[in-house]
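Heads up: the structure comes next, in structure tokens.
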Amino acid sequence: MTRLAKLLAPAGLVLAATAALPAQAQVDGRMASVDVTRTIIGTTAFQTSYEQVNTTYAQQNELRRTKALERQTMLAKFDKNADKQVDETEQAAMQKSADFPKLQALEQEIQGLSNQIDGARVFAIEQIIMQYGSALQDVTTAEQIKVVLDPGTVLFAVPEMDITPKVTAALNARVPAVGVVPPAGWQPSREGVQVYQEIQQRLAMAAQMQQQQAAPAPQGDTAAPVGR
């Protein structure tokens, strides 16, 4: 079990455990909740690091876009029914084509570039994660909190129960900035990748909601064909 998992795993069990106890045996002290993903997203180090990645890896990002457009152009040649997909029949023809080795090479290049960019973000997030436990301890000690829950396990809570902003502030104090260039030989941890994926999902959902609120649905389907 990872460091963050060890820290948070008991939290999901606390609500059920305390509910099952007799009143006199329940936890005597304040309870709170904290959203780990929102805590990290809210830090200055996280927000600055994502901007730094865009700058530091601008060349890789631009090359990835160029390669992706080249891949889309190649795939379009096999989309005979113009449904913006490469179905099984079309894929069979694609695999027999002289362009297939080039297409595979493009996909490998795109994946390699993506790994560089994603790796830089995971590296930044891991540096914040390393201080998460200490930041949480800072807040729980100062606020005399005895139990911390994951918001997903709480059926009802008053707003002041959420200490996410306070933990974010404590993280800002402990980790004002992070690096975005991993050292030679660095490999992302499972914990870092998991948190990164959760953050990306949260950011994608937020961006989608903003787009839906800002503009009506586009007319027509202009998506590029995708392979399987």
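The values are calculated or read from the model by the stated rules, or taken from the named source; none is laboratory data. Quantities reported herein were computed from a predicted structural model and do not represent experimental measurements. With ideal geometry, Cβ positions are generated from the backbone for all residues, glycine too; neighbour counts draw on all protein chains shown.
Quick check on region 35-43. Is at least one of its residues of a type in the set (A, V, I, L, M, F, W, C) and farther than 30 Å from A169 by Cα?
no
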Q) Just wondering, is there one or more residues in region 148-161 that are within 18 Å of the chain's Cα centre (by Cα) and at pLDDT 95 or above? A) no
Q. Assuming Y196 fulfils every condition listed in (1) among the hydroxyl-bearing types (S, T, Y); (2) modelled with pLDDT of 95 or more; (3) surrounded by fewer than 18 Cβ atoms within 10 Å (Cβ to Cβ) apart from one, which condition is it?
A. (3)
Q) Looking only at residues in region 162-193 that are over 20 Å from T48 (Cα atoms) and over 20 Å from the mean Cα position of the chain (by Cα), which one is surrounded by the most Cβ atoms within 10 Å (Cβ to Cβ)? A) I163
Q. Can you pull out the residues in region 42-84 that are buried (at least 17 other Cβ atoms within 10 Å of the Cβ) and either in contact with a strand residue (DSSP E or B) (Cβ under 9 Å, 6 or more places away or on another chain) or of a type in the set (G, A, S) (or both)?
A. G42, A45, S49, A68, L75, D79
Q | Yes/no for E51 being assigned to a helix (DSSP H, G or I), free of Cβ contacts under 8 Å to residues at least 12 places away in the same chain and under 16 Å from the mean Cα position of the chain (by Cα) | A | yes
Q) Taking only pairs six or more apart or across chains, which ones have beta-carbon atoms under 7 Å, a first residue in region 107-130 that is over 19 Å from R174 (Cβ atoms), and a second residue that is surrounded by 21 or more Cβ atoms within 10 Å (Cβ to Cβ) and small (G, A, S)? A) V122/G192
Q. N81: closer than 20 Å to V181 by Cα and either without any contact (Cβ under 8 Å) to a residue 60 or more places away in the chain or touching a Phe, Trp or Tyr at 6+ places or on another chain (Cβ under 8 Å) (or both), yes or no?
A. no
